[in-house]
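These notes concern the structure reproduced below.
The values are calculated or read from the model by the stated rules, or taken from the named source; none is laboratory data. Owing to the predicted nature of the structure, the values given are computational and were not obtained by experimental measurement. Heads up, the Cβs are rebuilt from the backbone with ideal geometry, glycines too, and the neighbour counts pull from every protein chain shown. For the accessible areas, the whole protein counts, side chains as well, though only heavy atoms, and no ligand, DNA or RNA atoms are used. Shrake-Rupley method; radii C 1.70, N 1.55, O 1.52, S 1.80 Å.
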Amino acid sequence: VRPQVNAVANMAKGGGYENRRHYVGINVEIAFLGIPNVHVVRRSFRDICNACVDYLDQSVKTDIYTFHESITRSQWLPNVAKILETSAIIVSKMLEDISVLV
């Protein structure tokens, strides 16, 4: 579910992703669905948490405009949307009785 660029970069370091040649005679689909890596998602979660804490902290005096900017900059909502979109794709495959490896 990670971006293909990340998978290719990991191959250069000896890692990579599942090889279709290991599944002779089986219809295999490899899909790169663009979820950012865990570090990016963790950072965006931290940033949205900080935005909320700052907004609720009376001593910081964050106005609603600054709060909305902080939410947007965190990229939390697009990250969650991508995770949910990918989850729906996976569930759809599973309901079609297709095996899924994440």
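General remarks:
- Global geometry of the chain, whether rounded, prolate or oblate, following the gyration tensor of its Cα atoms and the 1.5 cut on a/c: prolate
- Net charge contributed by nearby residues that have their C-beta within less than 15 Å of PHE67 (K/R +1, D/E -1): -3
- The listed residues LEU33, LEU84, LEU101 rank as LEU101, LEU84, LEU33 when sorted by accessible area, largest first, using a 1.4 Å probe.
- Solvent-accessible area, 1.4 Å probe, carbon plus sulfur percent, for the chain: 59
- Heavy-atom accessible area, probed at 1.4 angstrom with all protein chains present, ranks ARG46, ARG73, ARG21 as ARG21, ARG73, ARG46, highest first.
- Helix 76-95 and the longest principal axis of the Cα set of the chain meet at an angle near 30°.
- Size of charge dipole - segment 58-102 - debye, nearest 20, with Cβ of Lys, Arg +1 and Asp, Glu -1, no other charges: 180
- Placing +1 on the Cβ of every Lys and Arg and -1 on the Cβ of every Asp and Glu, with no other charges, gives the chain a dipole of roughly 420 debye about its Cα centre.
- Per residue, the solvent-accessible area of the chain (1.4 Å probe, heavy atoms of protein chains only, all protein chains present) comes to 77 Å².
- Net lengthening on full extension, LEU56/GLU96 (0.36 nm per residue, minus Cα-Cα): 9.9 nm
- Local electrostatic count, ASP47, Cβ distance below 11 Å [Lys/Arg +1, Asp/Glu -1]: +3
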